[in-house]
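The values are calculated or read from the model by the stated rules, or taken from the named source; none is laboratory data. For clarity, every value in this text was computed on a predicted model and none was experimentally measured. We place every Cβ from the backbone using ideal geometry, glycine too, and count neighbours over all the protein chains shown. Just so you know, the surface numbers come from the protein's heavy atoms only, side chains and all, with ligands and any DNA or RNA stripped out. Shrake-Rupley method; radii C 1.70, N 1.55, O 1.52, S 1.80 Å.
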Amino acid sequence: MSSNANTVLVTGGAGYIGSHACKMLANSGFTPVVVDNLSTGFDWAVQWGELEECDVRDGEKLSQIFKRHQPAAVMHFAAKSYVGESVEKPDIYYNNNVIGTMTLLDTMRDHGVPHLVFSSTCATYGIPETIPIDESHPQIPINPYGMSKFIAEQMMADYSRAYGPDYNLRFASLRYFNAAGGDPEAEIGEAHDPETHLIPLVLDVAAGRRDKIQIFGTDYETPDGTCIRDYIHVTDLAEAHVLALKYLQEGGENQFLNLGNNQGFSVREVIETTEKVIGRPIKIEEADRRAGDPAELVSGSTLAEEILGWRPVRADIGIQIEDAWRWHMKFFHHN
Ligand code: UFG
């Protein structure tokens, strides 16, 4: 089947990570086409490539889009991604993330599109048995969000084993730790509604849009009692997606790869760094633990570097906060 060698269909390309991937794709000589139902994404975030407003579960419409654009590959970001909400409304998560991925896989197969870069998560590991976490760590998700991504990974592996020799799916599943930061040129950035993530909420306090940040749990078994996470800059994530795509196009095998900085920061450290970077005090309130939060999630893997040649260049947490802040100021100034 003929395809446009440079065209990459990006589901969820109007969202936080997907839009940064579109910019990176465009800057790397690809033509992104965004497929997004705009349920949590924004049309203003689609600045590189056309927007096709479509839900990935709508197989017929999706098929028309494949016919029209003849993509050579797909990056799949479209998903629901709130851990807490997934516990209360698992139906929404299985529907969007599992049925959505399955519909996409069927459409890719029907149109002979062989390469997929998938947005997965460290939430597929569940409670870590060992820290740091590498790709061989058991996957026992503890919430429907993590489970839905885990099932999607299994589906990709099964589709990849089947349907040959006419169709051979190859994929890279990228398991991110905590995405942070924003486009260094502040053209796009993080905007969730409602916002639940630590860094944008701390920035809301710095900007005076919120009067304090609650620290969820101060009695964890960590050096300062607060949860530790591995924050990874969204443009470093975007870069990994483009490298994974090139790797697949050059004949690379299926991969499951962690994307993190192999370095953890506590909630208190994030708040203190923000105070330093922005030069404003952040008012805190110590609060109860949030359900479902593991004490520590830190990646321990050099696989993405070995296989893709990926090296995060904005690993510094201060740079991540600075980039997020620049965007935050611009976005909320206009909204
Ligand atoms: N936190 C606070 N106060 C807040 C918000 C968050 O103390 O107001 C804490 C959380 O308890 C957690 C840390 O800050 O310890 C980071 O929380 P986020 O909500 O920013 O991120 P999560 O670690 O919960 O979630 C991220 C991704 C998910 C992914 C998950 C994997 O957003 O999509 O990592 O565990 F599934």
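Checked against the criterion of being touching a Lys or Arg at 6+ places or on another chain (Cβ under 7 Å), buried (at least 19 other Cβ atoms within 10 Å of the Cβ) and either part of a strand (DSSP E or B) or modelled with pLDDT of 95 or more (or both), the candidates Thr274, Thr235 yield just one match: Thr235.
Considering the stretch 32-65, the residues that are in a helix (DSSP H, G or I) and of a type in the set (D, E, K, R) include one that is surrounded by the fewest Cβ atoms within 10 Å (Cβ to Cβ), namely Glu60. Take the stretch 277-287 and flag every residue that is loosely packed, with under 15 Cβ neighbours inside 10 Å and without any contact (Cβ under 8 Å) to a residue 60 or more places away in the chain. Listed by number, the residues that qualify are Gly279, Pro281. Among the conditions (1) acidic (Asp, Glu); (2) in a loop (DSSP other than H, G, I, E, B); (3) away from the ligand (no atom under 16 Å from the Cβ), the only one that Asp193 does not satisfy is (3).
Out of curiosity, is Gly251 surrounded by fewer than 17 Cβ atoms within 10 Å (Cβ to Cβ), at pLDDT 95 or above and more than 10 Å from the ligand (Cβ to nearest atom)? Taking the combined requirement at face value, the residue satisfies it. For residues in the stretch 205-221 being more than 9 Å from the ligand (Cβ to nearest atom) and open to solvent by less than 20 Å² (accessible area, probe 1.4 Å), which is farthest from Glu286 (Cα to Cα)? Applying the filter and picking the extreme gives Ala206.
Out of curiosity, is Ala45 over 21 Å from Thr107 (Cα atoms), among the hydrophobic types (A, V, I, L, M, F, W, C) and not assigned by TED's automatic domain parsing to the domain that holds Glu187? Taking the combined requirement at face value, the residue satisfies it.
Scanning the stretch 188-202 finds one or more residues that are over 28 Å from Val87 (Cα atoms) and touching a Lys or Arg at 6+ places or on another chain (Cβ under 9 Å).
Kindly evaluate Arg314 against the criterion of being open to solvent by 30 Å² or more (accessible area, probe 1.4 Å) and either more than 20 Å from the chain's Cα centre (by Cα) or within 12 Å of the ligand (Cβ to nearest atom) (or both). No; evaluated as a whole, the condition is false for this residue. Does Arg290 satisfy being within 14 Å of the ligand (Cβ to nearest atom), surrounded by fewer than 19 Cβ atoms within 10 Å (Cβ to Cβ) and either outside the structural domain of Phe150 (by TED's automatic domain parsing) or touching a residue at least 24 places away in the same chain (Cβ under 8 Å) (or both)? The answer is yes for Arg290. Just one of the listed residues (Met147, Met156, Met108) is crowded, with 21+ Cβ neighbours inside 10 Å, within 13 Å of the ligand (Cβ to nearest atom) and in the same structural domain as Val35 (by TED's automatic domain parsing), namely Met147. Specify the residue that is farthest from Ile92 (Cα to Cα); the eligible residues are those in the stretch 17-31 that are surrounded by fewer than 24 Cβ atoms within 10 Å (Cβ to Cβ) and hydroxyl-bearing (Ser, Thr, Tyr). Ranking the candidates gives Ser28 first.
Inside the stretch 161-173, can you point out the residues that are open to solvent by less than 20 Å² (accessible area, probe 1.4 Å) and among the small types (Gly, Ala, Ser)? Matches in the stretch 161-173: Ala172, Ser173.
Per-residue answers, yes or no, for (1) assigned to a helix (DSSP H, G or I); (2) without any contact (Cβ under 8 Å) to a residue 24 or more places away in the chain; (3) closer than 22 Å to Leu198 by Cβ:
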residue: Val98; (1), (2), (3): yes, no, no
residue: Thr101; (1), (2), (3): yes, no, no
residue: Arg109; (1), (2), (3): yes, no, no
residue: Ile140; (1), (2), (3): no, yes, no
residue: Lys149; (1), (2), (3): yes, no, yes
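Within the stretch 199-221, residues that are assigned to a loop (DSSP other than H, G, I, E, B) sit with their Cβ atoms under 6 Å from residues that are open to solvent by 70 Å² or more (accessible area, probe 1.4 Å), at 6+ positions apart or across chains, in these pairs: Lys212/Lys283; Gly217/Arg289; Thr218/Glu286. Answer yes or no: is there a residue in the stretch 163-182 that is at pLDDT below 95, charged (D, E, K, R) and more than 12 Å from the ligand (Cβ to nearest atom). Scanning the stretch 163-182 turns up at least one residue that is at pLDDT below 95, charged (D, E, K, R) and more than 12 Å from the ligand (Cβ to nearest atom).
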